[in-house]
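Encoded as structure tokens, the structure appears first; notes follow it.
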Amino acid sequence: MSSAPTAGGSAGAADAASPHIPADRIAEMRRAIHEHLLKANTFNDIRNIIDTYAADHPDFNPNNSDDVMRVIRERGVVQDLLGRLQQAPTSTTSQGISTKRLNVQGMRPGCRYLHVRVLQGRAFLDHLDVDPTFQRTHQMVVALHYGAQRFRCVPQPCSVDPLFDDDCLIQLDQGLEGGSAFNDVLEIATPLHVAVLREDCAMSRAQLLGENTIEWRKVLKSGFLSLSVELSGDNPGVPSGVLEMQFELLPGGPRRTEQEIAARLDVQRTAITAADREFLIYARRWWNEFQSMRPTHGERRVKVFAATNTGRMVPVTHYVSILQPDRVLDSPLAAARFVSLLALTKEEDTTLEVLQGGKGGPSQGGSAGDVWLAPFLFFSQRRGDICNHATLLCSLFLGFGLDAYCAVGTTMAGATTMFVVTRRKLGPSEYDVTFWDPSAGQRFTTSSSAHPYCTIGALFNHTSIFANVQNSDNAVTCKFDLDNEESWKSMHPLKLRLVPRHAPPPLLWIPLNTRVMELELEAALQSVVGQHRDSLGLPSRWDPDLAFILTQALTAYEHSRVQNLPAPDLGLFNQCVKGKIGDGRTFRGVPLNVAHVSERKVMASWTSSPAGKELLQLAGDDMRLAVRVKCFAFPEGVICTWVMLAASYRVNVAGA
């Protein structure tokens, strides 16, 4: 519309309109907008906001229209109104923008909440000139972590300026001593961690684009806060993108001045620094005592400190907690299977820098390579180092009530590694000990020749650290009576407890439609297998009845992996196959286990294995092919996929 004056003289901003629009139509539009504002209770919202703001700011002039507009813009009223007006009633796409209103019914009386709105992202330059194929298989998501609470926004298509438009309600005093009686919100030091990730939908993995820790207590100045949050990515000092966010304190409470907020934050930072320094002094003394006990102790793998993503050095015990995966993991064996499905950062999984920090002594204060990925980022990316896998598995075991510890030691090849040790008491100073490989989900007895571990230099969990002071640190001959000071030198739990730590993040259950995933992958695999065989001049005839039989084998394979059995029981499966294909026919099948639903990757696995390649090139009399997919869902959107390609044919096989 243009802003030309009407023939009757000068017109106001509301009357500036195209001469092609009749005056009665303009009046009708005004009435419709006015009715919408009345139904939405927008006028009362604006009055309440202005009254509250005027009471808190005596110098505010409610008669100044510019000041009033500034206040209601800051409070998000205009943005919320525009979002509701732009809602298309015919839009049903799953990629649509979330414009849901805040549900205050879930707010508990007497509790304090932070309403967080994630508006949009800006300047994610990695997504300039994105290939359309990449767009179809990838999406962007915002993840939030506050204490024992985690939130995940509705995923959006990858773009330079993604429009998230989602919100969540954080209970600020959840899990704090005093609970809802915790009246002074300024005393709550729990940080709000935000991350933007790019998810590969087929590979069940996510890449961190940028993250930051937000000091949300600035909202106490006016009850409302708008922030442009710069996110840190792979390049230090260069923002990977910007996230536009809004924060509102609910219910409204006493306001704090900027000076009060800054002073309190400074006091808390000083207290954390003092506690860290005190523990560092104690750790240095403890380390020197440990080294002086035996000359060879300097070569043992002992881990005391790890650096966080903010650069703070904390005890490794901070990375272990009692984690109860209620209704998402049913047993310790299921927990071990889940952790093994999380990807391992191959380049760093056994480096001395990650696990030991250079020489490993706390007197050196650690190094840049000593950074351990925060659990929140590890969960969100579904990928991390071996230290992340071990600490997560130990935390889950503790949640199930096992006596579990992270072990730092070496493999048979001499590489530094981490694994998990569980103990079961048999008698005085006598324990039945099990070693767990967190990256493979396997368990071993200490006497087993199959386990890959050579030495153990230290054990730790969420309460203490134990350095091995036995004559030998050999994993097989170690004694695991941790109360015996002649075998283990422990750190005092009270000293470790003095170092401030925050509540660990919980695991998220991300709903997955495994049936749809199975059907889509089966159809895609039939297509790529058919194309491959066509290129070889071979026909492809698919047998859905045989495919149906394969499901029980895939379920048996997964059961054997979870239960750590040497082989699945396929007796009934073999009977079913024979009954289905009949006499005089031969059956061949190639099972494959992956943690994704990419037909391209599955096909690559088949063509690179002798058995798979042979089956793809097989030609036989009355040959029929079958493919079956079985997906198992785990927390964090992790998927475990079993695929079997099979064939049945008459005994007379050409070229067999």
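The values are calculated or read from the model by the stated rules, or taken from the named source; none is laboratory data. The shown structure was predicted, so the numbers you read here are calculated from the model rather than taken from an experiment. Here the Cβ positions follow ideal geometry from the backbone for every residue, glycine too, while neighbour counts run over all protein chains shown.
Worth pointing out:
- Exactly one residue out of 448, 560 is of a type in the set (S, T, N, Q) and either more than 29 Å from the chain's Cα centre (by Cα) or over 20 Å from residue 591 (Cβ atoms) (or both): that is 448.
- Yes/no for residue 230 being in contact with a His (Cβ under 9 Å, 6 or more places away or on another chain) and outside the structural domain of residue 53 (by TED's automatic domain parsing): no
- Applying the condition of being part of a helix (DSSP H, G or I) and hydrophobic (A, V, I, L, M, F, W, C) to the range 48-67 and asking which residue is modelled with the lowest pLDDT yields 55.
Results for (1) among the polar types (S, T, N, Q); (2) assigned to a helix (DSSP H, G or I); (3) modelled with pLDDT of 95 or more; (4) more than 18 Å from residue 606 (Cα to Cα), shown as yes or no for each residue.
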| site | (1), (2), (3), (4) |
| --- | --- |
| 515 | no, yes, yes, yes |
| 520 | no, yes, yes, yes |
| 528 | no, yes, yes, no |
| 531 | yes, yes, yes, no |
| 537 | no, no, yes, yes |
| 540 | yes, no, yes, no |
| 546 | no, yes, yes, yes |
| 549 | no, yes, yes, yes |
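- The residue that is farthest from the chain's Cα centre (by Cα), among those in the range 104-152 that are crowded, with 19+ Cβ neighbours inside 10 Å and part of a loop (DSSP other than H, G, I, E, B), is 112.
- Residues satisfying the stated conditions in the range 531-554, i.e. surrounded by fewer than 16 Cβ atoms within 10 Å (Cβ to Cβ) and more than 20 Å from residue 581 (Cβ to Cβ): 531, 534, 535, 536, 537
- Considering the range 251-300, the residues that are among the basic types (Lys, Arg) and in contact with a Leu (Cβ under 7 Å, 6 or more places away or on another chain) include one that is modelled with the lowest pLDDT, namely 255.
- Filter result (touching a strand residue (DSSP E or B) at 6+ places or on another chain (Cβ under 6 Å) and surrounded by fewer than 24 Cβ atoms within 10 Å (Cβ to Cβ)) within the range 398-415: 398, 402, 403, 410, 411, 412
- Condition met for residue 485 (out of contact with any Cys (no Cβ under 9 Å at 6 or more places or on another chain) and either over 30 Å from residue 643 (Cα atoms) or buried (at least 17 other Cβ atoms within 10 Å of the Cβ) (or both)): yes
- Pairs where the first residue, in the range 450-474, is assigned to a strand (DSSP E or B) and among the basic types (Lys, Arg) and the second is buried (at least 23 other Cβ atoms within 10 Å of the Cβ) and at pLDDT 95 or above, C-beta under 7 Å, 6+ apart: none
- Leading residue by the ranking (modelled with the highest pLDDT) among those in the range 335-355 that are closer than 20 Å to residue 310 by Cα and buried (at least 23 other Cβ atoms within 10 Å of the Cβ): 355
- Condition broken by residue 214, with the remaining ones in (1) exposed (fewer than 13 other Cβ atoms within 10 Å of the Cβ); (2) at pLDDT 95 or above satisfied: (1)
- Some residue of the range 240-250 being free of Cβ contacts under 8 Å to residues at least 24 places away in the same chain and closer than 28 Å to residue 342 by Cα: no
- Scanning the range 369-427 for residues that are aliphatic (A, V, I, L, M), out of contact with any helix residue (DSSP H, G or I) (no Cβ under 8 Å at 6 or more places or on another chain), part of a loop (DSSP other than H, G, I, E, B) and farther than 15 Å from residue 456 by Cα yields a single hit, 374.
- Pair list, Cβ < 9 Å and 6+ apart or interchain, from the range 553-578 residues that are outside any helix (DSSP H, G or I) to residues that are surrounded by 15 or more Cβ atoms within 10 Å (Cβ to Cβ) and among the hydrophobic types (A, V, I, L, M, F, W, C): 563/333; 564/333; 564/336; 568/553; 568/556; 569/556; 570/553; 570/556
- Of the residues making up the range 255-287, those that are surrounded by 13 or more Cβ atoms within 10 Å (Cβ to Cβ) and among the basic types (Lys, Arg) number 4.
- Taking the criterion of being buried (at least 22 other Cβ atoms within 10 Å of the Cβ) and small (Gly, Ala, Ser), the only residue of the range 617-638 that qualifies is 626.
- Residue, farthest from residue 71 (Cα to Cα), within the range 223-254, restricted to residues that are surrounded by fewer than 17 Cβ atoms within 10 Å (Cβ to Cβ) and charged (D, E, K, R): 234
- Residue in the range 256-264 that is assigned to a helix (DSSP H, G or I), in contact (Cβ under 8 Å) with a residue 40 or more places away in the chain and either in contact with a Phe, Trp or Tyr (Cβ under 9 Å, 6 or more places away or on another chain) or of a type in the set (A, V, I, L, M, F, W, C) (or both) present: yes
One line per residue, one yes/no per condition, for (1) closer than 22 Å to residue 501 by Cα; (2) outside the structural domain of residue 491 (by TED's automatic domain parsing):
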residue: 266; (1), (2): yes, yes
residue: 270; (1), (2): yes, yes
residue: 273; (1), (2): yes, yes
residue: 280; (1), (2): yes, yes
residue: 283; (1), (2): yes, yes
residue: 295; (1), (2): no, no
residue: 299; (1), (2): no, no
residue: 302; (1), (2): yes, no
